[in-house]
1. Quick check: net charge around residue 280, other residues with Cβ under 14 Å of its Cβ, Lys/Arg +1 and Asp/Glu -1?
2. Note the direction-averaged projected area, equal to a quarter of the hull surface, for the Cα convex hull of the stretch 288-392, in nm².
3. Which whole number in µm²/s is D for the chain by Stokes-Einstein, with the Kirkwood Rh taken over Cα pairs at 20 °C and 1.002 mPa s?
4. What does the net charge come to around residue 34 if you take all other residues with beta carbon closer than 14 Å to its beta carbon, with K and R at +1 and D and E at -1?
5. First select every other residue whose beta carbon is under 14 angstrom from the beta carbon of residue 147; then total the charges, Lys and Arg +1, Asp and Glu -1.
6. Longest segment of the chain with no GluC sites (Glu not before Pro) in a DSSP loop having at most 13 other Cβ atoms within 10 Å?
7. Run the accessible area of the stretch 239-392 with a 1.4 Å probe and give the carbon-and-sulfur part as a rounded percent.
8. Once neighbouring chains are kept in place and the probe is 1.4 Å, which whole percent of the accessible area of the stretch 131-205 is contributed by carbon and sulfur?
Amino acid sequence: MNAGTAYLCSAGGLLVATTIKVWALRKSPRDPLLWAVIATLFVGALLFVTAAPPNLAAINEALGVPNIAAPIVYCILTAFDGVTIVLLIHWRGNDDARVTLRQTRLCLTAYAAVMVAICVLFALGDAPVERLRDLDTYYSGTPWIREMILLYLAAHSVAAVTMVVLSWRWSRKVPGTLKAGLLLIAAGAACTFAYDLLKYTAIVARWLGHDLDWLSTNVAFSLAGFSAFLVSAGFLLPPIGQGIGSRWRALRRFRGLQPLWLEIRPEIPSTSQPPMPWWQPVEHRLMQRERDIFDAVLRLTPWFDRSTGAGVYARALAEQSESRARSEADAAVIARAVIWKGCAAPAVAPELRWTVSSTEDSEDLLTMSAAILRSARVEVTRQTTALPEHRA
């Protein structure tokens with residue numbers, strides 16, 4: 001794969017990510033962080049499109065000015081640096097919104113000024129020979145063009161160092177995918193700074209009469225795409241990772257509640273919505289399953305027998321913690337209540353009823369579901385169930 005194709009593929013990936021984030025604006029149209037993400041992804045895609053060597057020649061030909069693509073790419077790169085820093089500012093957040101706004105305005109103003117200066121310096125200079133890969137070194141001694149090149153590199157270096165410092169400091173305070181994303185951003189920014197150092201080295205070598213252009217045209221050129229990939233991946237990893245983690249936790253909970261849901265399924269009101277198919281979002285299916293469980297527990301309440309719960313609780317407490325013993329007792333009470341209600345047995349007198357409390361805590365609910373499936377005491381309760389002695 002040649003450099004132009006690689007750049008265009010990278011641009012395509014960033015445009016897809018941009019489209020996904022734009023679609024998310026439907027729910028949060030005024031979210032400044034989301035807007036910062038969109039700006040970063042879009043400008044990054046635009047940078048890859050314009051920086052591809054075939055497109056550089058096309059831009060020069062279309063506008064009729066030799067090397068006009070250079071200041072355009074430099075301005076887009078400078079804009080990418082600015083919005084990336086803004087994204088980090090908004091991503092980290094601040095208790096005082098005014099501080100965030102002030103930092104954002106300062107950053108954007110500074111980089112906008114650099115973009116204007118790049119255009120002015122190019123207009124003042126003279127670069128008649130088209131150079132698609134080695135403009136930085138070829139014109140490193142040309143008045144005004146030289147200053148333009150050094151200015152964009154300096155702004156790029158400042159952005160790289162800023163990103164490394166901010167990302168590294170923040171990564172030491174956060175866990176999980178956010179930490180991994182910040183480390184990727186720091187690594188990408190470090191590669192960006194290495195790119196600048198290679199450019200500086202090649203330019204200085206030209207000033208001293210040596211030829212190290214290959215550092216700029218080959219090594220730095222390849223490093224630019226890799227660093228942009230790392231930075232983009234770093235910004236995308238936390239939301240993707242959090243989404244996958246959230247769905248995985250929801251799926252585990254959905255499966256963990258299945259034994260309890262199957263136990264009380266006969267008591268789910270016939271008017272309730274049928275179970276959602278597997279292709280529906282697991283979060284929605286989990287909400288439906290929990291709602292079915294709560295509704296069925298309420299319908300079974302008149303058949304909750306206190307003597308059953310107290311007996312199982314006392315035996316379980318000798319072997320495990322109080323909360324787990326309580327969940328196992330609740331499971332036994334529910335198992336017996338399902339049988340009694342299914343046999344049209346009379347309700348238990350209110351003063352002799354057991355209060356099921358495991359539904360009040362998410363972990364206790366899972367523990368109760370596991371007890372329904374695995375507890376020997378719950379199974380014994382099912383097998384020894386007879387009609388209640390206490391009637392309402």
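The values are calculated or read from the model by the stated rules, or taken from the named source; none is laboratory data. None of these values were measured; they are calculated from a predicted model. In this analysis, Cβ positions are derived from the backbone assuming ideal geometry, glycine residues included, and neighbour counts consider all displayed protein chains. All accessible areas refer to the heavy atoms of the entire protein, side chains included, with ligands and DNA or RNA removed. Shrake-Rupley method; radii C 1.70, N 1.55, O 1.52, S 1.80 Å.
1. Once all neighbours under 14 Å are counted, the net charge is +2.
2. On the way: hull surface 24.8 nm².
Value for the stretch 288-392: 6.2 nm².
3. For these conditions, the coefficient is 83 µm²/s.
4. On the way: positive: 21, 26, 27, 30; negative: 31.
With Lys, Arg at +1 and Asp, Glu at -1, the neighbours total +3.
5. Net local charge, residue 147 excluded: -1.
6. 1-318
7. Reported share for carbon and sulfur atoms: 55 percent.
8. Carbon and sulfur together cover 70 percent of it.
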